[in-house]
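The values are calculated or read from the model by the stated rules, or taken from the named source; none is laboratory data. Owing to the predicted nature of the structure, the values given are computational and were not obtained by experimental measurement. Positions of Cβ are generated from backbone atoms using ideal geometry, with glycine treated the same way; all protein chains shown enter the neighbour counts. Surface areas here come from the heavy atoms of the whole protein model, side chains and all, with no ligands, DNA or RNA. Shrake-Rupley method; radii C 1.70, N 1.55, O 1.52, S 1.80 Å.
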Amino acid sequence: MMPSALKPMRYGHTEGHTDVCFNDAGSCIVTCGSDGDVRIWENLDDDDPTSFNVGEKAYSCALKNGRLITAASNNTVQIHTFPEGAPDGILTRFTTNANHVIFNSDGTKIAAGSSDFIVKVVEVTDCSKQKTFRGHDAPVLSLSFDPRDVYLASASCDGSVRIWKIEDQTCTRSWPLLQKCNDVVNAKSICRLGWQPGNGKLLAIPVDKVVKLYRRETWDSQFDLSDAFITQTLNIVAWSPCGQYLAAGSVDGCIVVWNMESQKCIERMKHEKKYTICGLAWHPKYKQIAYTDTEGNLGLLENIGDEKKSNDKVTSTATKDYNDLFDGDDDYLSGDMIEPQSSPKTGANEDDADDDDLKPTSGRFRRTIIDDDDNSLDIGMIKANSNLLEKEDDDDDQTGGFPALPPSSTQQPFYDGPMPTPRQKPFQSGSTPAHLMHRFMVWNSVGIIRCYNDEQDNAIDVEFHDTSVHHATHLPNSLNHTMADLSTEAILLACESTEELASKLHCIHLSSWDANKEWTVDMPKDEDIEAVCLGQGWAACATSALLVRVFTVGGVQKEIFSLPGPVVSMAGHGEQLMVIYHRGTGFDGDQCLGVQLMELGKKKKQILHGDPLSLTKKSYLTWVGFSAEGTPCYVDSEGIVQMLNRGLGNTWIPVCNTREHCKGKSDHYWVVGVHENPQQLRCIPCKGARFPPTLPRPAVAILSFKLPYCQVTTEKGQMEEQYWRSVVFHNHLDYLSKNGYELDESAKSQAVKEQQELLMKLFALSCKLEREFRCVELADLMTQNVVNLAIKYASRSRKLNLAQRLSEMAVEKANELAAELEDEEEEEEDFRKHLNAGYSNSATEWRRQPVKNVQQDQEMQDAEETDAYEEVEETPEVHKERPNPFSKCVTSAEVTTPKSVLIASSSQGRVNPFKVSSKKKDPVVPSANVLDTMSKYSKKSCSSSSQAVNKQSPPVIKPLIPKPKFKQMSAASFFQAHTPNSSEKTVEEREEKAGNESHEVKVTAQENTENRRPKTGFQMWLEENRANILKDNPDLNEAEVIKEGMSRFRVLSSEERMAWTEKAKGGTVNDSAEDKKRKRPTADEDEVKKEEQKSEDSNLSKKPKPLDQSANVKLSAFAFKQS
């Protein structure tokens, strides 16, 4: 007997789960796969197998007595005649797909196990005779009939293997042998188990890396079969028809055969590409095993069981190199032009053959180009293959491709550089390929649109995730719509043109309040719609004429603009429209795409002007859209998710690699939504495919984000990644507030707190490692009071040099802020002059004190309350690129109540920012959750901003002049004298347009709204001593006088200072009207002062003082424990 021979595998089906069996005579092999086809092979070299389709996917097949049964994705178990393949009825149905079907030994009954946890046994000749076995708590993986027809064994995702008595459908025995999982695609092993043929004495179950054998009737574990060659979980076992041999296949491509008498391993075979073995079948007569893998390949192992050869020799010696079949130029020369798209090759050809939106990029070219001899090139072939000429009816003198030289086989090579990549076809994000009978037209964060196009029906189903938005809808699809988008306002559909009909855009406006909810627009002749999208109040389509057409959601035609190249995909969100198009021709498998990002609000502007889109090498675009918070994102075919980083000049940053979460090479994640808060990537795991089937309804998985920082296994790398991820994922807060959306301030302060804690931990880590320079670099990213904390930490760690440098940095930061505030003050003066027209002084309280006094008062107060030296350190820098966070952590009571804010968004006209509210109390406005889509945010409009919140307040006067760009916000927030009454709400929450003023400054701004506020002791002292200071230093400006005054005031004894303070308090009760206006209870003021005192700087730069012990304890607790 020859040693066993392993024939080279061949391509059988598209990548995905496959099953295999022999017919009764052993004359042919039958396979089924995830392309829904059943193929009948005469032998392994059969180049034209008989093939027929049984559904969208076929999960399992079995053959006996000329009857072929299959479990397909339409949730049925069907019967076909063999070998004709004619449908012969449906044996049984489940609510989801069956995962395994088997015949009993004489072919009279079948058993099927389904993902709806149910096992059924059905008589083949009379399908009304059914038995149902209930008891599993998860999808059923595998079944095996006892050869004597007494028992049935089943394995399930609930981790159990059960033995059922067929007669009375009772469970005789259950073993918890497997790892639990929620679905077949997540199962470690499909656990195909088997009874020993003949007497059924033993039941073999693959468990992890061994095969466990259980004795019939007693159900004791007899023995385990194992082998050192098996390194990964076993997936499947199969008995030889004589019952003497047992074969097992593993998830990494090992096949092992044991002799049951000697319990010795007699065969070991390794799959060349280590793909999971998911089908094993013995030949009914010869010692042959047919096997299939999860990539759709079929192989044959012959001459098994020659026990004269050494037991441990691996038997792949006689193999022809597996690679010969698929890789390398040899097969390009062989002229077999049928290389399937999903051959087990990495790179561009890895997609499903269903996925014909993209032609494979490298393989098919060169093979067709190499002609009779290596030097000849057929240009016609190049033209045909390079999809540069997108339209079939292009004129011959088209200049887009290569020059059309007369093809001749003896011509000298004129070009052998990189080959152009076929252009990616347009697609809708969240859709599956258009040629499928049942497909997703779109799946997004609003809902799902499915399309059914089979013999009975051509229809569209629309379903909303939140049924309160709209109920599910069923639409006829007589126009054969192929594109769709869905928002909370509308359903948008589009179809391509036909001979008779133009390409149409059809919109169903759900939120219309009149009777007519639908409208249709015909495109001009020869112009086809290629992509559509919806935003808030608008719809858009991109056409083959390289135009983007914008419509209102009610059907008014709006702007039209030209695209620089053919569209690939579009996405809309709120006012933003993103268009991806071909910027040019890519080479060597790369696409060459550009991206335009527009804002279609009141002020139309372009944010990204056709910038190149960065894709992974040799990949193409698979999804483009916006996060729920409105940040543009896209995903490429290599699973890299990129997000726009508005904090770094609108660059793109990779935030997740979905391939890292995939178990197998052919598994993919199909993205359906991105959320930044909480950080979630919502997607559907697709086992062995790029997209999910419509049935059973796919389950959504949630992946976490991870920025590709270096050394994230170390503590430093991990914290750096967390810090920058937090920064990137909170950029949207600044963007939204700048665009006038209501924001929950607690989210912002929470983000800042999280970032500053990470910086403080990194600082502590660098301190421990004696990296003081790095400490200073980290401190540069910190906010004011965290720098103070760092100074204290450094001095506690006895790093006085570091503490000194940090103090200098704190002073520098404060100086920058002071300078910025002065610039602002100048701009405000101009602003006021501009605005004076058209306001009556009674309606608006002007604050006559210049902004600089905010700073002065702040300094005076600080000097008096603590001995710390701190120039306006409460105000973080306004003009930093990174979102500079609030410097104080405000107590939660202060943060959680957003107040009405009388500042209009740029798109809605101006509202008087100086209005004093006439009401005593504000009703609490429920804060909009950032997770809701943007349409939930209330845009502040002229009427709503004041009247919705303060119901009785009079209408606000509108200024007649356009608003200045940026500073007006801060001006408004300084001027506004609108104070809340309730005692918890000490800080008026404002929409910060600059996004960055600290709470404390708001408090002071508020306190200073009147210029007749009581003086502090330091102010009184300064008035008396100002002359002396100026006499000593005549060239000091105002701020420097105050600084000098502070240091002198500090030198006084505490008794003297107290005396000045008492003197100041003597003149407090000067104006009762003033008190009414301020409406802040004194208890609250004390709290705010305490709050300020807690976080004051200990000023090591000027005068180191011993730190208060309790403060130290608290600080160390914060730095290390992060309470």
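Table for the structure above
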| read-out | value |
| --- | --- |
| Top-ranked residue of the range 736-750 - restricted to ones that are in a helix (DSSP H, G or I) and not small (Gly, Ala, Ser), ranked as most open to solvent (accessible area, probe 1.4 Å) | LYS738 |
| Subset tally (residues that are over 36 Å from the mean Cα position of the chain (by Cα) and within 17 Å of SER114 (Cα to Cα)) for the range 47-68 | 2 |
| Within the range 507-516, tally of residues that are in contact with a His (Cβ under 9 Å, 6 or more places away or on another chain) and open to solvent by 30 Å² or more (accessible area, probe 1.4 Å) | 2 |
| Total residues in the range 82-132, condition small (Gly, Ala, Ser) and assigned to a strand (DSSP E or B) | 6 |
| Scan of the range 602-621 for residues that are open to solvent by 50 Å² or more (accessible area, probe 1.4 Å) and assigned to a strand (DSSP E or B), ordered by number | LYS604, LYS605, GLN606, HIS609, ASP611, PRO612 |
| Close pairs (8 angstrom Cβ cut-off, 6 or more residues apart or separate chains): touching a residue at least 24 places away in the same chain (Cβ under 8 Å) in the range 68-81, surrounded by 21 or more Cβ atoms within 10 Å (Cβ to Cβ) and acidic (Asp, Glu) anywhere | none |
| Members of the range 242-280 that are on the phi > 0 side of the Ramachandran plot and of a type outside the set (Gly, Ala, Ser) | GLN263, LYS274 |
| Yes/no for SER487 being of a type in the set (Ser, Thr, Tyr) and open to solvent by 10 Å² or more (accessible area, probe 1.4 Å) | yes |
| Subset of the range 119-135 (residues that are on the phi < 0 side of the Ramachandran plot, open to solvent by 10 Å² or more (accessible area, probe 1.4 Å) and of a type outside the set (D, E, K, R)) | VAL124, THR125, CYS127, SER128, GLN130, THR132 |
| Selection status of HIS470, under 32 Å from the mean Cα position of the chain (by Cα) and either part of a loop (DSSP other than H, G, I, E, B) or in contact (Cβ under 8 Å) with a residue 60 or more places away in the chain (or both) | yes |
| Pair list, Cβ under 7 Å, 6 or more apart: the range 270-299 residue in contact (Cβ under 8 Å) with a residue 40 or more places away in the chain and outside any loop (DSSP other than H, G, I, E, B), other residue of a type in the set (D, E, K, R) and open to solvent by less than 10 Å² (accessible area, probe 1.4 Å) | ILE277/ASP293; CYS278/ASP293; GLU295/GLU15 |
| Residues (open to solvent by 40 Å² or more (accessible area, probe 1.4 Å), part of a helix (DSSP H, G or I) and not hydrophobic (A, V, I, L, M, F, W, C)) located in the range 775-822 | GLU777, ASP780, ARG796, ASN801, GLN804, ARG805, GLU808, GLU812, ASN815, GLU816, GLU822 |
| Scan of the range 672-685 for residues that are free of Cβ contacts under 8 Å to residues at least 60 places away in the same chain and either open to solvent by 10 Å² or more (accessible area, probe 1.4 Å) or of a type in the set (Lys, Arg) (or both), ordered by number | GLN679, GLN680 |
| Identity of the residue in the range 190-205, modelled with pLDDT of 90 or more and not aliphatic (A, V, I, L, M), that ends up nearest to ASP106 (Cα to Cα) | PRO197 |
| Selected residue (criterion: farthest from VAL184 (Cα to Cα)) from residues of the range 133-144 that are out of contact with any strand residue (DSSP E or B) (no Cβ under 6 Å at 6 or more places or on another chain) and either among the charged types (D, E, K, R) or not in a loop (DSSP other than H, G, I, E, B) (or both) | ARG134 |
| Options LEU177, LEU143; residue that is buried (at least 22 other Cβ atoms within 10 Å of the Cβ) and closer than 23 Å to ASP116 by Cα | LEU143 |
| Residue in the range 502-518 that is in a strand (DSSP E or B), among the aliphatic types (A, V, I, L, M) and under 27 Å from LEU547 (Cα atoms) present | yes |
| Wholly enclosed strands (runs of 3 or more DSSP E) of the range 157-245 bearing at least 1 residues among the polar types (S, T, N, Q) and touching a residue at least 24 places away in the same chain (Cβ under 8 Å) | 160-165, 170-176, 234-239 |
| Pairs, first touching a residue at least 12 places away in the same chain (Cβ under 8 Å) in the range 6-18, second open to solvent by less than 40 Å² (accessible area, probe 1.4 Å) and aliphatic (A, V, I, L, M), C-beta under 6 Å, six or more apart | LEU6/MET269; LEU6/LEU301; LYS7/LEU44; LYS7/LEU300; ARG10/LEU298; GLY12/LEU298; THR14/ALA353; GLY16/ALA689 |
| Of residues in the range 11-46 being open to solvent by 30 Å² or more (accessible area, probe 1.4 Å) and more than 15 Å from ASN297 (Cβ to Cβ), the one farthest from the chain's Cα centre (by Cα) | ALA25 |
| Which listed residue is hydroxyl-bearing (Ser, Thr, Tyr) and within 27 Å of SER737 (Cα to Cα), from THR622, THR631, THR658 | THR631 |
| When residues of the range 724-735 are limited to those that are assigned to a helix (DSSP H, G or I) and of a type in the set (Phe, Trp, Tyr), the one farthest from LYS753 (Cα to Cα) | TYR735 |
| Cross-chain or 6+ apart pairs with Cβ under 8 Å, the range 107-118 first and under 16 Å from ARG162 (Cα atoms) and open to solvent by 30 Å² or more (accessible area, probe 1.4 Å), then aliphatic (A, V, I, L, M) and part of a loop (DSSP other than H, G, I, E, B) | PHE117/ALA138 |
| Meets criteria (open to solvent by 10 Å² or more (accessible area, probe 1.4 Å), at pLDDT below 95, aromatic (Phe, Trp, Tyr) and touching a Cys at 6+ places or on another chain (Cβ under 9 Å)) for TRP519 | yes |
| Filter pass, GLU638 being open to solvent by less than 10 Å² (accessible area, probe 1.4 Å) and out of contact with any Phe, Trp or Tyr (no Cβ under 8 Å at 6 or more places or on another chain) | no |
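Matching residues to (1) of a type in the set (D, E, K, R); (2) over 26 Å from GLY55 (Cα atoms):
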site: ARG439; (1), (2): yes, no
site: VAL446; (1), (2): no, yes
site: ASN453; (1), (2): no, no
site: ASP457; (1), (2): yes, no
site: ASP461; (1), (2): yes, no
site: PHE464; (1), (2): no, yes
site: SER468; (1), (2): no, yes
site: PRO476; (1), (2): no, no
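A quick yes/no check of all residues on (1) at pLDDT 90 or above; (2) assigned to a loop (DSSP other than H, G, I, E, B); (3) open to solvent by 30 Å² or more (accessible area, probe 1.4 Å):
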site	(1), (2), (3)
ILE702	yes, no, yes
LEU707	yes, yes, no
GLN718	yes, no, yes
GLN722	yes, no, yes
VAL752	yes, no, no
LEU759	yes, no, no
ALA764	yes, no, no
